[in-house]
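Shown next, in structure tokens, is the structure this report addresses.
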Amino acid sequence: MDRAAPAPRSKLKVALSLLLLLAATALAYAQWQALPHFAEMFAMFGPDMPGFSVWVVGHPQRVGICLGSLLAYNMTWLALWLFLRQRWSSIGLSLATALTWLFLALVMIAFYLPLLTIAV
């Protein structure tokens, strides 16, 4: 059987994937470093805080582990996609990127949701 050669990688797609991973890493580090500052600020709010915000601020190590795991998951799929050039690795990379950015957005929402709900 004659197998078709895998399609070459688009340089733009490779650059965007690497840029998304680097931006997610920088944002994850910034969020993890900001957790203690938000904990001090949220201590003044008392019992009026949403449950997700309480969990994020109350468990900084778990948030750090989740962020690190998602970034490693994303990097693994990126390496698979770059070296194997299979369709399933492209789908896995898309899913890993989406999960990483979803968790980053949820942490950001947890930071600012108490500020918005208490202001109302």
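Bear in mind these aren't lab numbers, they're just calculated from the coordinates by the rules spelled out. In this text, all values refer to a predicted model and were calculated from it rather than measured experimentally. Cβ coordinates were reconstructed from backbone atoms using ideal geometry, including for glycine residues, and neighbour counts include every protein chain displayed.
A few comments on the model shown:
- Gain in span if fully extended, Ala105 to Leu12, counting 0.36 nm per residue against the direct Cα distance: 31.0 nm
- Kirkwood hydrodynamic radius computed over the range 39-100 comes to 13.7 Å, based on all pairs of distinct alpha carbons.
- Option label - log10 I(q)/I(0) by the Debye sum over Cα atoms at q = 0.10 Å⁻¹ computed here, alternatives (i) -0.32; (ii) -0.41; (iii) -0.26: (ii)
- Here the sum of -39500 (n - 2.57) over DSSP H runs of 4 or more residues, divided by the residues of the chain, equals -29000 deg cm²/dmol at 222 nm, to the nearest 500.
- Angle of helix 87-119 to the longest C-alpha principal axis of the chain, folded into 0 to 90 degrees and rounded to 10: 10°.
- Inter-probe distance in nm under a simple model that places probes 7 Å from Cα toward Cβ, at Arg85 and Tyr73: 2.8
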